[in-house]
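Student: My questions will all concern the structure given below.
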Amino acid sequence: MTDTAQAPGAASLPGRATEAPAVARRKLPIKGSVVVMTLYLVFLLLPIYWLLNMSLKTNTEILNSFTLWPRDLTFANYATILTDPAWYSGYINSLIYVSINVVITLVVALPAAYAFSRYHFMGDKHLFFWLLTNRMAPPAVFALPFFQLYSSVNLFDTHIAVALAHCLFNVPLAVWILEGFMRGVPKEIDETAYIDGYSFPRFFVKIFMPLIASGIGVAAFFAFMFSWVELLLSRTLTSVDAKPIAATMTRTVGAAGIDWGVLAAAGVLTIVPGALVIYFVRNYIAKGFALGRV
Amino acid sequence: MSLELRQVAKSVDGQTHIHPTDLTLTAGTMNVLLGPTSSGKTSLMRLMAGLDVPNSGQVFWNGEDVTGLRVQDRGVAMVYQQFINYPSMTVYDNIASPMRLLGKTASEIDAAVRKAADLMQLSPMLDRKPLELSGGQQQRCALARALVKDAGLVLLDEPLANLDYKLREELRAEIPNIFQEAGSIFVYATTEPEEALLLGGNVATLWEGRVTQFGPTPSVYRKPVDATTARVFSDPPMNFLDIRKSGDRLLFGDGQAAPATGALSALADGTYRAGFRPNHLELAKHVADAMEFTATLAVTEITGSETFVHLDHHGQRWVGLIHGVRDLTLGADLPVYLDPAHVYVFAESGALVAPAAYAEAA
C-alpha cells in the first residue's frame, strides 16, 4: 500500500518544479513525470522488444543490418521450434518437471505451514527461520551433491530428479508464504469446524483451503517461477531425456554458428508461460512478496 | 442429560488457568459463567467442550467419562465472541454444515435450516456469504448453526459482546426463548452482571480461575457467599468499608464512628468488611437510621438520567449510582447516606457473615 501511495507523489515532484515559472511551463508542455515514466518503460521493455524483434527477423537481417523492426518479417524461427523435437521437447521437459515440482511443493508445504501456524513445539521458531536460510545458499552449492546422489540412485536425467532438487528451494519459501496466509485465519474457525464434526482432513480441504486459496496460488506461482527459470541444477541433473529448454537454448551453437533468430524465438516462447502465470495471480502477488504478512 | 466436572483443573506453561473445579449442570438449564476478563470463563468452556483436555480431573456426560474424547465425538455446539462462520460457504451451507456431517437427509436438513433461519431472521440472506452480512447477522448465522445441531451442550462464549447495543438487547431477549425449547444444557459466558440477571437460570461466578459460587442467579446476586462473588456480581463493583464493631458503635477509617443500627447492631464485636452496592449509596437521608459518611468527590459521570459519583472515602474508592442528573462540585466533601438494611457484612477472610436485610426479605 505505501509503495503505491508514494509513487504518484514522487513522480509529481519534477512536475511541480516545472510548473513554478509560468514562462517555462509554456515552453515545456511535457511534464517531468511523463518523461521519467517513458524513459523507465523504454529501458525496461527494450530488451524484451529486441528479443521479439530478433525472433521475427532472418539471420541475415540480424547479422548484417541494424533495423528497429523486421524489414523481412518471418515466422520461420517459430516454425523451427514448434516442429523440431530437439527444440519443443525442451519445453515439454521443463513443463513436466516444473509441474511435478509445484505439486510436490504444495503437498509438502501445506501441512508444514499449518503446523507452524497452529502449534507450538520446541524450537519451532528456529526451525522456521532455518527453513528460509535454505534459500540463501546458491543452487551451485547443491549441484555437486545432487549430481553424485542422483547418479548413484539412477535418478540422473529424469524429471523427478530436477523437481526434487528444486523442492529444496521452493518448499521453504512456500511454507513461509502459506504460514503467513494461514496465520490470518482465526483459530476459532478450526475449532468451530471440529465442534461441528469435521474431521481434520475434511476440514482442511473443505473449509481451510478455500480460505487461503490466494496464498496457495501465490506459493504455486513462486514455485513455478523459480523452477522455470532455474538453469544450473536442471542442466547439471539432465542430459537427454529430461533436458530443459533453458539448457537447449544455451547449448545451441551449430556448425553454421549461432542461429540467432531461432534462439530469440525460443526466448520469447520461454517468457510466455511465466507471463501467463503472473497474469493470473497479479492481484495477490504483493501479498505474496510480503509472505502473507500484510 | 447432565454435564459434570469433577476436580477439573487446567494450567498452561505453569500458569494456572482453572483451579480444581466441581460443577454439575443439568438438562434444560441456562447456566451463566460470570466473571471479569481472563477470569477463566473461556478456559472453563473449552474444557466443557473438549477443545482442551484438563491436566487433572474428569468430565462426565450423562454419567459417562468423556475426558479425553475428541471434540468431534462430543455432541456440543459453540458460538464464539468473534463472528465465526465459514467464509467460503453461503449462509445456508453454513447453517446446514453440522447436520450434513451428522448424515441427515436433505429434506430434514432443509426444514431445520429454514426453521432456524426464520428464528434468527436470516431467511432473506440464505444465499449470501457470511462476510457480506452485518456483524449482527453474522453472529445470528453462527447461533443458527449451533441451534440446528440440536446438541446436548450449547456453549455461548460472550456471543453478544461484539455487537452494538441495540442488537444486543434484541438478541439477549431472544436467546433464552429460542434455546429453552431445545431442552439442552446452555452455558453462556459474560462479563456483565446485568446480562446474567436478565438471562436468569443459574450463575457461576468466576474469579481468577475459581468458581466462587454456583446457584440460581437471583439468589447468588442477593446472597453472595463471599466478598469476591459480591464484587464480581455487581456493576459497578461493590464498595467496601473496613469496620470494627465495638458495642453499639462501628469504627472505621482513622477514628470515625457511626452508631450500629438495624441488622448491624446484632453483630458480635470484631472486625469486618462491610459491602454495599453503588445503587444503594444515597445523597439524601431517606431512612431514619441511615449511616452518614463524608467522602470527597473525585469524578462524576452523567449517563442521561443517572449520575455515577466516584468518591474517595479515606483512601477507599467508592462508586455511587445516583438517580437524576446532579450538579456537584468536584473535590468537595459530600455527605453520603447508606441504609444499614443494604449492607452485606463479610468476615476479614471474605466469607459472608450476614447478608443485607433487604436481600433476606426479597
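No value in this document is a laboratory result; all are computed from the given coordinates. Source: prediction; values computed, not measured. When we count neighbours, we look across all protein chains shown, and the Cβ atoms used for this are built from the backbone with ideal geometry, even at glycine.
Student: Filter the chymotrypsin sites (Phe, Trp or Tyr not before Pro) in segment A:30-103 down to the DSSP loop ones having no more than 14 other Cβ atoms within 10 Å, then list what survives.
Tutor: Counting only loop positions with at most 14 other Cβ atoms within 10 Å, the chymotrypsin sites (Phe, Trp or Tyr not before Pro) in segment A:30-103 are A:66, A:75.
Student: May I pose another question? Reported to two decimal places, what Rg/Rh ratio describes segment B:150-292 when computed on Cα atoms with Rh from the Kirkwood expression?
Tutor: Reported Rg/Rh (Cα atoms, Kirkwood Rh): 1.09.
Student: Near residue B:193, within a Cβ-to-Cβ distance under 11 Å, what is the net charge of the other residues, with Lys and Arg +1 and Asp and Glu -1?
Tutor: -2
Student: Between residue B:201 and residues 5 or more places away or on another chain, which pairs have amide H atoms under 5 Å apart, with H built 1.01 Å from N, and which residues are they?
Tutor: Answer set, sorted by chain and number: B:217.
Student: Would you please classify the overall shape of segment A:83-289 from the alpha carbon gyration tensor, given that a ≥ b ≥ c denote the square roots of the eigenvalues, rounded means a/c under 1.5, and beyond that prolate means a/b larger than b/c while oblate covers the rest?
Tutor: Prolate is the answer for segment A:83-289, as a/c is 1.5 or above and a/b outweighs b/c.
Student: For segment A:59-110, report the translational diffusion coefficient in µm²/s to the nearest whole number, using Stokes-Einstein at 4 °C, 1.567 mPa s, and a Kirkwood Rh over Cα pairs.
Tutor: 91 µm²/s
Student: Compute the long axis of helix B:106-119 from its Cα atoms, compare it with the longest principal axis of the Cα atoms of chain B, and write down the angle in degrees, 0 to 90, nearest 10.
Tutor: It works out to around 30 degrees.
Student: Further, regarding this structure: Among B:204, B:221, B:265, whose Cα sits farthest toward the positive end of the charge dipole of chain B (+1 at Cβ of Lys/Arg, -1 at Cβ of Asp/Glu, about the Cα centre)?
Tutor: About the Cα centre, the residue reaching furthest to the positive side is B:204.
Student: Taking the Cα centre of the protein assembly as shown as the origin and placing charges on Cβ (Lys, Arg +1; Asp, Glu -1), which of A:117, B:12, B:124 is farthest toward the positive end of the dipole?
Tutor: Selected residue: A:117.
Student: I would also like to ask the following. Select from B:112, B:355, B:101 the residue farthest towards the positive end of the dipole of chain B; place +1 on Cβ of Lys and Arg, -1 on Cβ of Asp and Glu, and compute about the Cα centre.
Tutor: So the residue we want is B:101.
Student: Just to be sure I follow the definition: excluding the sites themselves, where is the longest run in chain A that has none of the trypsin sites (Lys or Arg not before Pro) in a DSSP loop with at most 16 other Cβ atoms within 10 Å?
Tutor: Counting only loop sites that pass the neighbour cut-off, the longest clear stretch is A:72-250.
Student: If you split all Cα-Cα distances of chain B into 10 Å bins from zero, what percentages do you get per bin, shortest first?
Tutor: 5, 21, 26, 22, 15, 8, 3, 0
Student: A follow-up question, please. For residue B:281, which sequence-distant residues (separation of 5 or more, or a different chain) have an amide H within less than 5 Å of its own amide H, given hydrogens modelled in the peptide plane?
Tutor: B:321
Student: Moving to a separate point now. Would you list which aspartates and glutamates come within 12 Å of residue B:245, measuring only between C-alpha atoms, while excluding same-chain residues fewer than 8 positions from it?
Tutor: Here the aspartates and glutamates satisfying the reach criterion relative to residue B:245 are B:269.
Student: Roughly how big is segment B:2-231's charge dipole about its Cα centre, with Cβ charges of +1 (Lys, Arg) and -1 (Asp, Glu), in debye to the nearest 20?
Tutor: Magnitude of the dipole: close to 60 debye.
Student: Still on this structure, please answer the following. Hey, which of these cross-link pairs are over 25 Å Cα-Cα: B:41/B:129; B:10/B:223; A:206/B:104; B:41/B:223?
Tutor: Correct reply: B:41/B:129; B:10/B:223.
Student: Turning to a different aspect of this structure: How big is segment B:237-361 by the Kirkwood estimate over distinct Cα pairs, in Å?
Tutor: 14.8 Å
Student: Calculate, in whole percent, how much of the Cα-Cα pair population of segment B:16-144 lies beyond 18 Å.
Tutor: When all Cα pairs of segment B:16-144 are counted, 63 percent exceed 18 Å.
Student: Starting from the alpha-carbon convex hull of segment B:13-70, give the projected area averaged over all orientations, in nm².
Tutor: The directionally averaged projection comes out at 4.7 nm².
Student: What is the magnitude of the charge dipole of the protein assembly as shown about its Cα centre, with +1 placed on the Cβ of each Lys and Arg, -1 on the Cβ of each Asp and Glu, and no other charges, expressed in debye to the nearest 20?
Tutor: 2440 debye
Student: On to the next question. Could you tell me how many cubic angstrom of Cα convex hull volume the protein assembly as shown has per residue?
Tutor: Convex hull of Cα atoms, per residue: 281 Å³.
Student: In debye, nearest 20: dipole of chain A around its Cα centre with unit charges on the Cβ of K, R (+) and D, E (-)?
Tutor: With only Lys, Arg, Asp and Glu charged at Cβ, the dipole is about 940 debye.
Student: Here is a further query. Report the local net charge at residue B:305: Lys and Arg +1, Asp and Glu -1, summed over other residues whose C-beta lies under 15 Å from its C-beta.
Tutor: Result for the local shell: -2.
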